[in-house]
Amino acid sequence: MTPDANPPLLNLVLLTGRVLRRTDLSRNYKGFPVITLVLENSETVPADFGETQFSTGEISVEIWGDLAERCDELLKRGEPVFIEAQVAGRQKQDKNTKLVQHWMVLKARRIELLTKSIEHGGM
């Protein structure tokens with residue numbers, strides 16, 4: 001690939017886990033529905049002296065628009081899910097110091113819950 005060529009863009013994150021907690025459906029300042037959920041994922045980690053230990057991780061995922069509205073009734077605490085997401089950037093400027101804070105979030109595109117699939121284009 002030459003330096004002038006644009007590399008292919010791939011922004012895909014695949015997650016599995018259980019819904020640890022979630023926010024109620026709310027709307028942002030432009031009126032778009034949003035839910036934020038925290039996904040819990042545990043794995044078995046080998047330990048010294050033959051004992052098995054579990055390592056648990058948490059990750060937040062934003063769900064926006066029609067997908068958030070459909071998930072509002074279906075996503076319950078403890079539900080196992082498969083989530084297809086993309087990384088999105090966020091920024092906020094402090095009103096006093098005028099410093100801009102940047103961070104990354106995961107934005108869900110598709111969610112599979114047990115035998116149900118919840119997608120942007122319909123169910």
Legend entry - Hits in the range 77-91 (condition: assigned to a loop (DSSP other than H, G, I, E, B) and surrounded by 10 or more Cβ atoms within 10 Å (Cβ to Cβ)): Arg77, Glu79
Legend entry - the range 66-76: number of residues that are open to solvent by 50 Å² or more (accessible area, probe 1.4 Å) and closer than 29 Å to Thr44 by Cβ: 1
Inset, instruction - Inspect the range 25-42 for any residue being more than 16 Å from the chain's Cα centre (by Cα), surrounded by fewer than 17 Cβ atoms within 10 Å (Cβ to Cβ), of a type in the set (Val, Ile, Thr) and in a strand (DSSP E or B) and give the result as yes or no. - result: no
Inset, instruction - Please tell me if Glu51 is open to solvent by less than 80 Å² (accessible area, probe 1.4 Å) and acidic (Asp, Glu). - result: no
Inset, instruction - Taking Ile63 as the residue in question, decide whether it is part of a strand (DSSP E or B), surrounded by 10 or more Cβ atoms within 10 Å (Cβ to Cβ) and modelled with pLDDT under 95. - result: no
Inset, instruction - Return the total of residues in the range 92-106 being open to solvent by 70 Å² or more (accessible area, probe 1.4 Å) and in contact (Cβ under 8 Å) with a residue 12 or more places away in the chain. - result: 3
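The values are calculated or read from the model by the stated rules, or taken from the named source; none is laboratory data. What you are looking at is a predicted structure, and each value in this text was computed from that prediction instead of being measured. Using ideal geometry, Cβ is built from the backbone for each residue, glycine included, and neighbour counts are taken over all protein chains shown. The area values use the complete protein model at the heavy-atom level, side chains included, leaving out ligands, DNA and RNA. Shrake-Rupley method; radii C 1.70, N 1.55, O 1.52, S 1.80 Å.
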